[in-house]
Amino acid sequence: MRFLLPLLLLLCGCGRYSRFALPDPGSPEPGTYSWQPRSTPVMPNVATDTLNPSVIPWKGVLLNLFSLYDGRVWHTAASSSENGLDWSPARPVLSPDAKTWEGRYIAANGAAIVFRGEILYYYQAGSPPRIGLARSSGGERWTRESEPVIGFGPRGAWDERAAADPYVIEAGGRLYMYYLGEDRARRQRLGLAVSDDGVRWTRHRDSPILEPGAYDAFDENGLGEPAVWQAHGSYWMLFTGRAHDETRRLGLARSQDGVHWQRTPLIISGAEAWDAKVLCDPTVIVEPRRVRVWYGGGDVPHPAENIHGQIGYAEMVFKP
C-alpha cells in the first residue's frame, strides 16, 4: 500500500504536498552562537500571561504583535518601540470570533512578516488549533482570511490533529512556514510549508523535519514555537522543547537547506526567577553583528497558560 500514499495525500482535500528546499545559504562558517539575556522582562505581563512576541521593523519603528491571556481567552495585541526595550501600551488587534472556524478560545500565538508592502500575521485559532491569516496595509485595521491557510493534515499524518505555532520567513521571493503539528498520539513535532502568495501553501512531503529528543532530554515531551533565520552560511532555528515535567527551554539547530536540521549543543534555560521554568516563543531580527531575540518566560511549568508569562530580550552573538 505504500505506493498509494502520495495519491491519497492529494485526494484528501487537506492541501498540496511537494519536496523542496530553501535557497542555498552559502558556505557554512565554523562556529555557533552564544546567548546573552537581559535579566529583567522588557514587557511585564499586563494580563494573566503576556507571551508569544513577533517583532518586525515597520515604518521606522519595531512593531510587536504578541499574545495576551486574560484568564479565559487568548488575544493578539500590538505595541511599538524605537529600541526594542521600551514598548508603548498594548492595543488590541485580534480576538477569537466564535461565529467562525476560530471558536472561542484563541486568536494569537502568531508570526508577522512584511510581504509585498503589507503585514501578514499568521496566528493559531480554534480548539484544536489551525493556522489563520490576518493582513494589514497600515498596522491598524486587519482583514482575516475566512478559512485557515493551514488546516489539519490527512488521516494518519503528523499534523492530523493540530497545526499551530507558525513562524514565517521570506527567502528567494517565496514564503516558508515552520509550524507545529500534532498527530493522534499527541506527539508534537515541527514541519514546513511553502507559498508564493502567503495564502496557498504546499506542505513539505518529508515533514516532520524535527523530532522530539530522546528519553530524559530537554525536549522529550514535544517541540514547538520555532524561529528561523539565515546567517553565516546556514539556516538557524531556535525552538522550544518541553521536558517530562513541562519545564520549557530553547534549543538551537542548524541547516544547509532549511529542511534537514542538526541540533547544536546549545540548550538555553531561564536564568532568572521570572523565566526559571519556561523559556519559549522566540522571535528574531538579524543584524550584522548580532541576532536580537524576544521571547516568552514564566515561572510555572505548564505547556499553555497561567505561567505568569512575560516577554524578555536577549542577544545572540556568533563565535567562530
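Bear in mind that the values in this text are calculations on the coordinates, not laboratory data. In this text the structure is predicted, and so the values were computed from the model without any measurement. For neighbour counting, all protein chains shown are included, and Cβ atoms are generated from backbone atoms with ideal geometry for every residue, glycine included.
The Cβ shell under 13 Å around residue 228 holds other residues with a net charge of -3, Lys and Arg each +1, Asp and Glu each -1.
The tail of the calculated P(r) for the chain beyond 36 Å holds 10 percent of all Cα-Cα pairs. Spin-label model, residue 99 to residue 317: label points 7 Å out along the Cα-to-beta-carbon direction sit 5.4 nm apart. Find the relative contact order for region 131-249 and round it to a whole percent, using C-alpha pairs within less than 8 Å whose residues are 6+ positions apart. Once normalised by length, the contact order is 17 percent.
The modelled label-to-label distance for the pair residue 244/residue 137, using points 7 Å beyond Cα in the direction of Cβ, is 5.6 nm. In the elastic network of the chain, a GNM with C-alpha springs shorter than 10 Å, the most mobile of 253, 111, 21 is 21. Applying a DSSP loop filter and a limit of 16 other Cβ atoms within 10 Å to the GluC sites (Glu not before Pro) in region 104-207 leaves 140, 145.
Taking other C-beta atoms within 10 angstrom as a stand-in for reagent exposure, 88, 27, 234 fall in the order 27, 88, 234, fewest first. Summing Lys and Arg as +1 and Asp and Glu as -1 over all other residues whose Cβ lies under 13 Å from the Cβ of residue 95 gives a net charge of +2. Each label point was placed 7 Å from the Cα along the Cα-to-Cβ direction; for residue 217 and residue 260 their separation is 1.8 nm. A cut-off under 12 angstrom between Cβ atoms defines the neighbours of residue 158, and their net charge, with Lys, Arg +1 and Asp, Glu -1, is +2. Spatial offset of region 150-224 relative to region 244-320 amounts to 18 Å, using the alpha carbon center of each.
Here is how the number arises for the chain: DSSP H runs of 4 or more residues each give -39500 (n - 2.57), the sum is divided by the residue count, and the result at 222 nm is -500 deg cm²/dmol.
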